[in-house]
1. Do we have Lys324 as of a type in the set (Lys, Arg), farther than 24 Å from Val40 by Cα and either outside the structural domain of His286 (by TED's automatic domain parsing) or more than 17 Å from the chain's Cα centre (by Cα) (or both) here?
2. Select, from Thr329, Thr363, Thr340, the only residue that is surrounded by fewer than 22 Cβ atoms within 10 Å (Cβ to Cβ) and assigned by TED's automatic domain parsing to the domain that holds Ile225.
3. Tell me, yes or no, whether the range 136-150 has at least one residue that is in contact (Cβ under 8 Å) with a residue 60 or more places away in the chain, polar (S, T, N, Q) and surrounded by fewer than 18 Cβ atoms within 10 Å (Cβ to Cβ).
4. If Lys205 satisfies all but one of (1) touching a helix residue (DSSP H, G or I) at 6+ places or on another chain (Cβ under 9 Å); (2) of a type outside the set (Phe, Trp, Tyr); (3) surrounded by fewer than 20 Cβ atoms within 10 Å (Cβ to Cβ); (4) modelled with pLDDT of 95 or more, what's the number of the condition it fails?
5. How many residues, within the range 120-130, are over 13 Å from Ile181 (Cβ atoms) and crowded, with 23+ Cβ neighbours inside 10 Å?
6. Every residue in the range 496-512 that is of a type in the set (Phe, Trp, Tyr), buried (at least 21 other Cβ atoms within 10 Å of the Cβ) and assigned to a loop (DSSP other than H, G, I, E, B), please.
7. Considering only the range 39-50, I want to know if a residue exists there that is at positive phi, assigned by TED's automatic domain parsing to the domain that holds Tyr375, within 22 Å of the chain's Cα centre (by Cα) and at pLDDT 95 or above.
8. Please work out which residue is surrounded by the most Cβ atoms within 10 Å (Cβ to Cβ), limiting yourself to the range 151-195 and to residues that are in contact (Cβ under 8 Å) with a residue 60 or more places away in the chain, assigned to a loop (DSSP other than H, G, I, E, B) and touching a helix residue (DSSP H, G or I) at 6+ places or on another chain (Cβ under 6 Å).
Amino acid sequence: MKRNLIFTLICFVGVFSLQAQIKEQQLDKLVENTLKTFDVPGISVGIFKDGEVVYAKGHGVRSLTNKKDMNAETLVGVASNSKGFTCFALAMMIDEGKLNWDDPVRKHIPEFQLYDSWVTENFTVRDLVTHRSGMGLGAGDLMFFPEGNDFNVEDVINNVKYLEPETSFRSKFAYNNNMFIIAGEVLKRVSGLTWEEFIETKIMKLVGMTSSKASYNRVTDKSNIIDAHTRAEGEVIQIPHDWSETANAAGGIMSNVSDMLTWAKFLMNEAVTENGERLLSEEQFHELWQLQTPLKVSANDSYDSNFRGYGLGWFVTDVKGGYKQVYHTGGLIGTVTQFTMIPDLDLAIVVLTNQMNGMAFNTITNTIKDSYLGYEDRHWLEKYGARNRDYLKYNDSIKAEVYNNVEKAKKQVSLPSPEQIVGTYTDDWFGDITISHDGKSYKIKCERSPRLFGELLPYNATTSVAKWNDRSYDADVFMQFTFNEKEEVVSATMKPIAPITDFSFDFQDLELKKTK
C-alpha cells in the first residue's frame, strides 16, 4: 500500500512538472505577441532543460530592410553577455598561475591610474569586473559609445584617472564598462593573445560555439545576421550596427541562440566540454558565481528573492524556494539580449532581439521561467506592455515639453552671441567639443566622436539644447554655460533631457572648459 502511494506521488509530481512547463504553441504565440506589443522586428528564443535543447526558434525578421526570417542561427550582438566570457578567460589564467583575482591592476598594467592615488594602488583585477570602482553609472562610456570615435584601449587606460568618483571605493554598485575594457587588456598582457583571439580559440572553439565570433568585424559571413533597430521620433527604424572594437571585452561578442545554448550547457556542466575536457578548475568555476558586490532586493520582489548582486561577470540571485539564478543582460544601440541560467533546475533561457526594448526580453524570460518554477500565469506581457506604454508616453511628454520651450525660446530668448559662445570646449578625458556659427544657427560637434554632431538650440538665458543629427541616439542634452564677471563663457556642463537616455551617453560626466 505504501509503495503504491509513493508511486502515485511520483507520477503526480511528474505530471504536474510536465503540465507546468509552457507548451511550444503557447510560447510561439507569446513571442509573436511580444513582437507586436513592443514593436520589435525580430526575436530568437532558446530553452535548454535537463540536458537537451527543448526550444530554439526565431520569430519575426532579421531586418526591416531585407525582411528575412529570424531563426535560431541568426547572429546577434550579445553585448554585455560578453562579460561572462571575459571573467571565464581571466579565471583560466589564474588556473595557469599567471594571475590572481586580488592582484593589483598595476602589477600587470603599470601605467594604470585612477582619480585617487590610494585607490589606484589598491585596485585589483577583481575590482575591474565587479562594478564597485566608486565611479558613477556608465562613467567614461563616451570613449567607445557610439561607434565611430577614435579612442582606443590605451586611451581608456590613460583617461580613467580623470573620472572623479561619485562614491567611496567598493561601497556601491555602479555599472562600468571601461573597467572591463581594462580587464581585457590584463588578459592580453598575461596570456600573450588579444582578447578576441583568446575568446575564440581558448573558449568558443573548445566549447563548440561554431558560429560565434568575438566581435562584429570578425564575422566574415554576414548572410544570417540582424540589422539593428531602435525607436526614433516615435517609430522603429533600422540603424547601422553600432559597437566600438575598443570595448569588445565589455560587450563585443556576436552569437546566436544555438551557440548560446551550447555555452549554457557547458557552464551548467561545471565547465566541462562535450568531449570531457575541463576548461576551468572547480575552485575557479565556483568563484565566478559567488556574490562580490551586493544589490538591494525590492520589498515586493517578484521571485521572493533573498539576495541579489554581482559575481565575476554575472548577476547572481535566488528565485522561488532558494534556486540560484545566474544571469546577465546586454544592450547595444539597436539590440538587447538576456541570458538566464538556473543550474539547480538544469534550465537555461536565451532571448536575443534586434530592437532596444528590455521589456520584451523580460516578458519572454519571466513567462518561461515561471512555467518551470510552478507559478500561475502572471500575465507578464500585459504588465510589461502597459508599463512600456506609460514609460514611452512619459518620456515623449518630457521631450515634447522641452522642444515646445525651445520653439518659444527661439522667439523670446537669444543664445549668447557668437563672440561669447563659439569656440572649443575641452574635457580632460573626452577631448574637444566645438561650437560654430554659420550666420544662421549654431552647430555642435564632438571632435573625437564625430557622429555626435548637431544643432545648438536656445532654451533659456544660460541653457541650450544640443539636438544630435542622428535621431536614433535619443540622447539630446541640455548644455548649460557658465559666465565670468565680464560675461564671457568660461565653461559648460551637460545633462540628458529625457530619462530613457542610455546611461552610456554619459554627457553629465563632462567638465568642459572653454579653451579657444
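1. Yes: the conditions hold for Lys324.
2. Answer to the check: Thr329.
3. No: the range 136-150 contains no residue that is in contact (Cβ under 8 Å) with a residue 60 or more places away in the chain, polar (S, T, N, Q) and surrounded by fewer than 18 Cβ atoms within 10 Å (Cβ to Cβ).
4. The number of the failed condition is (1).
5. Going residue by residue through the range 120-130, those that are over 13 Å from Ile181 (Cβ atoms) are 120-127, 130.
Retained after the next criterion (residues that are crowded, with 23+ Cβ neighbours inside 10 Å): 123, 125, 127, 130.
Adding up the residues that qualify gives 4.
6. Hit for the range 496-512 is Phe505, nothing else.
7. yes
8. For the range 151-195, the residue satisfying everything is Phe151.
The values are calculated or read from the model by the stated rules, or taken from the named source; none is laboratory data. Worth saying up front: this structure is predicted, and the values here are computed from it rather than measured. Using ideal geometry, Cβ is built from the backbone for each residue, glycine included, and neighbour counts are taken over all protein chains shown.
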